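What follows is a short report on a single structure.
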Number of protein chains: 2
Amino acid sequence: MKNEYVDIDTLKFLLFNVHQIENLLSKDRFKEYDKTSIDIFIDSVKSFSDTSLYPFIKDMDDKPSYFKDGNIHVHPQFENILKNAGEMGLVGAMYDFDDGGMQLPSTIFHAAYFIMEAANNHVPGYLGLTAGSANLILSYGNQKLKDTYVPNMIDLSWGGTMCLTEPQAGSSLSDITTLASPTDDDYYLIKGQKIFISAGDHQFSSNFVHLVLARIKGAPSGTKGVSLFVVPKNRPNDHGGFIHNDTEVAGEFEKMGQKGYCTTHLVFGDHDDCRGWIVGEPNQGLFYMFQMMNEARIATGRMGTAIASAAYFSSLKYANERPQGRKLNNSGQKNVEEEQTLIINHPDIKRLLFSQKAIIEGSLSLILETANYVDKEMTSDDDKEKSDYNLLLELLTPIAKTYPAEQGINSTSHAIQILGGYGFCTDFMPQQYYRDIRIIAIYEGTTGIQSLDLLGRKITQKNGKALELLATEIQQTIATANCHNELQPFADILLDNLGLVKKVISILMPHAIKGNYEHFLADASVFMEFFGTIVIGWQWLKIATTASTMLENSNGNQPKEFYNSKIHTMKFFYTYELVKTSGLAKTLMNTEELTISGAKDLF
Amino acid sequence: MKNEYVDIDTLKFLLFNVHQIENLLSKDRFKEYDKTSIDIFIDSVKSFSDTSLYPFIKDMDDKPSYFKDGNIHVHPQFENILKNAGEMGLVGAMYDFDDGGMQLPSTIFHAAYFIMEAANNHVPGYLGLTAGSANLILSYGNQKLKDTYVPNMIDLSWGGTMCLTEPQAGSSLSDITTLASPTDDDYYLIKGQKIFISAGDHQFSSNFVHLVLARIKGAPSGTKGVSLFVVPKNRPNDHGGFIHNDTEVAGEFEKMGQKGYCTTHLVFGDHDDCRGWIVGEPNQGLFYMFQMMNEARIATGRMGTAIASAAYFSSLKYANERPQGRKLNNSGQKNVEEEQTLIINHPDIKRLLFSQKAIIEGSLSLILETANYVDKEMTSDDDKEKSDYNLLLELLTPIAKTYPAEQGINSTSHAIQILGGYGFCTDFMPQQYYRDIRIIAIYEGTTGIQSLDLLGRKITQKNGKALELLATEIQQTIATANCHNELQPFADILLDNLGLVKKVISILMPHAIKGNYEHFLADASVFMEFFGTIVIGWQWLKIATTASTMLENSNGNQPKEFYNSKIHTMKFFYTYELVKTSGLAKTLMNTEELTISGAKDLF
């Protein structure tokens, strides 16, 4: 199945050439792997996706997960998927060998999940949330928790979830009210409700391990009083078996997309017999949860990129097969005696295709870059280097979540447009991807939340140290690009944009310093779009520079057209997307406070 | 029902104050009407929409129209709707009194349909297509056609359709192959297939009158050989009754949205007994059809605006009711002991609301402006004036179709975002509007087609005369705005943008003159976004100037806040939307030919 939903050649080019992950493989932690074994792993995931995931994407939309008699029922193919994914070790792919994992780099983990999500975005969340929650137990749980839960999660006989959102609190984690009452034993009694819990229940896992944020009786208010608990659906009894732990599925949220990926409403302790075991220390729950949350944010951006990839290839196939219209001659007329041309030959269709390609490959490159910082931080022996990588990771995470979400939505919309009327019909896939991807800008912190995180925390932390580090990285890319004549004009544009970032921040920062945080952050989402576009511009220059070098050295394993297309798409991104930053900067530097000064009666 | 889906106060302000339709009512054609009678008519449409349309919007999504045993079945509520709408005269609202119509201005017709579409966008197409096709018969059909069909259409006992698209041709009307073979009688025998025929059949109309584009045997190739025919589902027999006319419904297209609005596949003459009666002269079909097509394009933009309006009010209601999070204090912290604030108090939520309001009211104003040119052309006694109004109408039509489509999609997406996770759930309306509105950028010529029309035909026609006329109109608005201190800076921005339009065209036009039409038109869709944004900027300055004048003169019937909100939203549009034109202009002036030079192997 060549490029039905994902371009493996580009994925490998990004991994091995642009992001040079062979450097990682030389580190002690990853010494069991080389390029060949990574290739084999990726190809095996692709093969699994071809046979077990992609053929079921439409059917999962047609037959959504549903709630009946207290249980969630998912598509029958999940039985096969979970069994195989468990056997392939996809949950524990990143874990230490000692924990039963494959000890693969995070970069490779994300590459593998990207393939699976492009094949069928309704599926990998079940694996990914189990991977993330087991990892959280491995990182902060005690030995008993690890022994009891992790092995059953790694092989997917049990599922894992993250339980943050409550009906009255939404994104405001300060307002969590789920209560944990201490007992004389090693557990707490948990009482409360959680909503929007992805992969929260289904018929193919015999147990679920919920990672639940709750407030210990008497804890400080706000996020400082939030603790983290393991709350299993069925808890161990004293005889080596399991009994029901007073957790109930109250319902399933019916959604416009991702219908195969269940979204549950969970009720804990309705009969005052729901036991939870604390992870780590009391009142540190949010800090722990953010390990998983940060992973989930990168994963969400990856999922958005993957959905957009599948939509792109669906529209590309159509554009390559559908004849319609003719090219204009020198008098601006069409010769109707000619055969109709394929629509891929129309500039406007090419524009829609390039736009998708630029968004998708740029986003994928950023996802891999971000994951690469996880690996670099983990494998570095130098404390300063470790800290720098962590700062870069922290800075890029909200962007890696948001750019693919917001622009991925536009990208799938372009896929619909290429199909015209058929794009709106359920016989064709783009409309499903368009429905599926809309949630990506909401999962794991909406675009608004990510943008507050970017501007309010990440840009300002340590006096702007993270931004300084990123600017150095970008300048290095610019310096390398400047060695290629064809790329110089674009390197100049990126440098100008870097200057524009500094200018915008110099205008915004005084508001924060003066204590006018509301003004400072009012346009955080506009800043996200502005800064995110520039970061993707950086990725594209990096991609083009790599392609250009490989063309010059004739040392790539792809045909010339492959590398030329990367350079061409970079130019497209700079000409059609990066030009938007000047307008966004103007908005950011306006002083009218239009979204602050107005009261309710303006609407 | 105040502002559940539409803001009648703003609609009336736009009609009576901004676009001063009382000037129209003084014309002989409309002398039966005054402000009071128009108010009553609008209020009656609102009341009909409240009771018969809005309560069924969700149920029509839940119970889509479907095809069974050769027939289309639509939601049962249509029986009531069609009966009442027919009695209210909504189909013939614009027709002459002599033709059984109400002789209302086009502007009022669009205002009425806007209300109905905001209430339930699955419905008014059934009325609008019947109105358009009956009007086409009135304009170009012979007396026999008028007598046979129009009266039954006006009261909606019969439905009307426009049949252009064929499976092999799509947007390329040159490639229509439906055949019309002359007979010795007054009819032709029709044979062919048409797809995507909206409102093409249902159980509540006893007959359908299809306006079909077909090619008379031996006609010239291309659009020059296309003729227009009335092809009824059931044709009159010799005994005053009706017999089946060999038209079959082959199926219904299952869609992601507008599920109550059926989209049919029609087959004509499968048994060589389908009779069609020519409208007007042979080979003039496309010219005639464009009367209806142009009306339909304005109507499509109106429908997009209406859907976005309903989504906006749905999200505004939520923002006014949902407490979540807190405002930041001077140290950038939240006081978690405080009650949570309503989300409408967060600047990012206000930004999403203002963005919707700016798009919707700006679009609505443009729709009414465009319709107003129809009325002005029709009622003018001066040939030069008539011709000028027609040129302005022609220039604005593709924009009035496209801006509300493309930006309306973004606007409904904002509505989803305001609801967060709930926005993705089918219990809330924004996700339905988001699915419904996606077709608007495809109906009646995709954005790509509209953009070719704008740049390739309308901008260039008569040496740019239409653009010249529009520039004069815009300059008049600027001159009036300059009398208000508060508006001057924005008038200056609009003037700069007018200069930018001229600059962009001066760069593009030489490509056309040199015969490089492919380059000239390659970025037509970007030009559409660029020019459309400026045109909406013009509408907003006009709105703000009217509001400012009424504030100064204290002669409005709305509270001050109403007029202030118009000025505030104008500022928002200029600060957040109009700033985008500089980047778009850069794209338009690039010389790289990135979407022309590349071949298929770039993807």
Taking a ≥ b ≥ c as the square roots of the eigenvalues of the Cα gyration tensor, with a/c under 1.5 meaning rounded and otherwise prolate when a/b exceeds b/c and oblate if not, region B:142-199 is oblate
Among all the aspartates and glutamates, which ones have a C-alpha under 15 Å from residue B:83's C-alpha, if same-chain residues fewer than 8 places away are not counted?
B:155
Inter-chain Cβ neighbour average for residues B:574-580, partner chain, 10 Å:
6
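Would you mind telling me the share, in percent, of accessible area of chain B contributed by carbon and sulfur at probe 1.4 angstrom?
Answer for chain B: carbon and sulfur cover 49 percent of the accessible area.
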Could you state the angle between the C-alpha long axis of helix B:461-481 and the longest principal axis of the C-alpha atoms of chain B, as a value from 0 to 90 degrees rounded to the nearest 10?
40
Given bins 20 angstrom wide, list per bin the percent of all Cα-Cα distances in chain A, short to long.
19, 53, 25, 2, 0
With a ≥ b ≥ c the root eigenvalues of the C-alpha gyration tensor of region B:373-423, is it rounded (a/c under 1.5), prolate (a/b larger than b/c) or oblate?
prolate
Over 10 Å intervals from 0, what percent of Cα-Cα pairs in the protein assembly as shown sits in each interval?
2, 9, 18, 22, 21, 15, 9, 4, 1, 0, 0
HN-Hα J couplings of region A:207-214 from phi, Karplus 6.51/-1.76/1.60, θ = phi - 60°, integer Hz, Gly and Pro as x?
8, 10, 10, 8, 8, 10, 7, 8
Karplus couplings for region A:32-46 from phi (6.51 cos²θ - 1.76 cosθ + 1.60, θ = phi - 60°), rounded to Hz, Gly and Pro as x?
6, 10, 9, 4, 4, 5, 5, 4, 5, 4, 4, 5, 5, 5, 4
Tell me, which residues of region B:341-384 get at least 40 Å² less accessible area when the other protein chains come in, versus the chain alone (1.4 Å probe)?
B:347, B:348, B:350, B:351, B:354
Per DSSP H run of n ≥ 4, the term is -39500 (n - 2.57); total these for the protein assembly as shown, divide by its residue number, and report the mean residue ellipticity at 222 nm rounded to 500 deg cm²/dmol.
-17000 deg cm²/dmol
Longest segment of chain A lacking trypsin sites (Lys or Arg not before Pro) that sit in a DSSP loop with at most 16 other Cβ atoms within 10 Å
A:328-513
Taking the alpha-carbon centre of each part, the distance from region B:58-89 to region A:164-213 in Å is 45
Rough spin-label spacing in nm, given labels placed 7 Å along Cα→Cβ, for residue B:242 and residue A:272
7.1
Helix B:560-572 against the longest principal axis of chain B: what's the angle in degrees, Cα atoms only, rounded to the nearest 10?
80
What spacing in nm lies between the two simple spin-label points modelled at residue A:462 and residue A:2, each 7 Å away from Cα in the Cβ direction?
4.7
Would you work out the relative contact order for chain A, in percent, from Cα pairs under 8 angstrom that are 6 or more residues apart?
12
Amide H contacts of residue B:93 (H built 1.01 Å from N, under 5 Å, at least 5 apart or other chain)
B:102
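With 28 Å as the limit, write out which pairs from A:68/A:191; B:146/B:465; A:58/A:357 have Cα-Cα distances beyond it, or answer none.
B:146/B:465
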Using a 10 Å cut-off on Cβ to Cβ distances, tally the other chain neighbours for every residue of A:264-275 and report the average as a whole number.
0
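Tally Lys/Arg at +1 and Asp/Glu at -1 over every other residue whose Cβ is under 15 Å from the Cβ of residue A:461; what's the total?
0
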Rounded to the angstrom and largest first, Cα extents along the principal axes for region B:525-573 equal 42, 15, 13
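Please state the charge dipole magnitude for the protein assembly as shown, taken about the Cα centre, from unit charges on C-beta atoms (+1 on K and R, -1 on D and E), reported in debye and rounded to the nearest 20.
Numbers: 106 positive and 144 negative charges, 353 e Å.
It works out to roughly 1700 debye.
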Output wanted: per-residue J couplings in Hz (rounded whole) for region B:360-375, from phi through Karplus 6.51 cos²θ - 1.76 cosθ + 1.60, θ = phi - 60°, x for Gly and Pro.
5, 5, x, 5, 4, 4, 5, 4, 5, 4, 5, 4, 4, 5, 4, 5
Label point 7 Å beyond Cα of residue B:426 along Cβ direction - residues of region A:372-415 with amide nitrogen under 11 Å:
none
Given a Förster distance of 60 Å, report the FRET efficiency between residue B:384 and residue B:44 from their Cβ-Cβ distance, rounded to the nearest 0.05.
0.95
If you take the charge dipole of region B:510-603 about its Cα centre, with +1 on Lys and Arg Cβ and -1 on Asp and Glu Cβ, which of B:562, B:594, B:513 is farthest toward its positive end?
B:562
Of the options B:218, B:540, B:118, report the single residue whose Cα projects farthest towards the positive end of the charge dipole of chain B (beta-carbon charges: Lys, Arg +1; Asp, Glu -1).
B:540
Got the relative contact order for region B:341-499 handy, in percent, Cα pairs under 8 Å and 6 or more residues apart?
20
Only four residue types carry charge here, +1 at the Cβ of Lys and Arg and -1 at the Cβ of Asp and Glu. Report the dipole size of chain B about the Cα centre in Debye, rounded to the nearest 20.
1280
Where in region A:530-603 are there GluC sites (Glu not before Pro) that are in a DSSP coil and have at most 15 other Cβ atoms within 10 angstrom of their Cβ?
A:592, A:593
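Normalised by the number of residues in region B:312-427, what is the relative contact order in percent for Cα pairs under 8 Å and 6+ residues apart?
Contact order relative to length: 30 percent.
Over region A:1-46, consider all pairs of different Cα atoms and compute the Kirkwood hydrodynamic radius from their mean reciprocal separation; express it in Å, one decimal.
Taking every pair of different Cα atoms in region A:1-46, averaging 1/r and inverting gives 11.4 Å.
With all distinct Cα pairs included, what does the Kirkwood hydrodynamic radius of region B:295-410 come out to in Å, to one decimal, could you say?
Numbers: mean 1/r = 0.0601 Å⁻¹.
Result for region B:295-410, one decimal place: 16.6 Å.
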Over what distance in Å are the Cα centres of region B:439-505 and region B:239-305 separated?
33
Grab the eigenvalues of the alpha-carbon gyration tensor for region B:397-547, scale each by 5, take roots, and send me the semi-axes largest first in whole angstrom.
31, 24, 11
If one compares the long axis through the Cα atoms of helix A:488-513 with the longest principal axis of the Cα atoms of chain A, the angle in degrees, nearest 10, works out at 40
Classify region A:482-603 as rounded, prolate or oblate from the Cα gyration tensor: take a ≥ b ≥ c as the square roots of its eigenvalues, call it rounded if a/c is under 1.5, otherwise prolate when a/b beats b/c and oblate if not.
prolate
Rounded to one decimal in nm, the spacing of the 7 Å Cα→Cβ label points at residue A:177 and residue A:473 is 4.2
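The values are calculated or read from the model by the stated rules, or taken from the named source; none is laboratory data. None of these values were measured; they are calculated from a predicted model. Quick reminder, even Gly has a Cβ in these numbers, built from the backbone with ideal geometry, and neighbours come from all protein chains shown. Accessible surface is based on the protein model in full, side chains and every heavy atom, while ligands, DNA and RNA are left aside. Shrake-Rupley method; radii C 1.70, N 1.55, O 1.52, S 1.80 Å.
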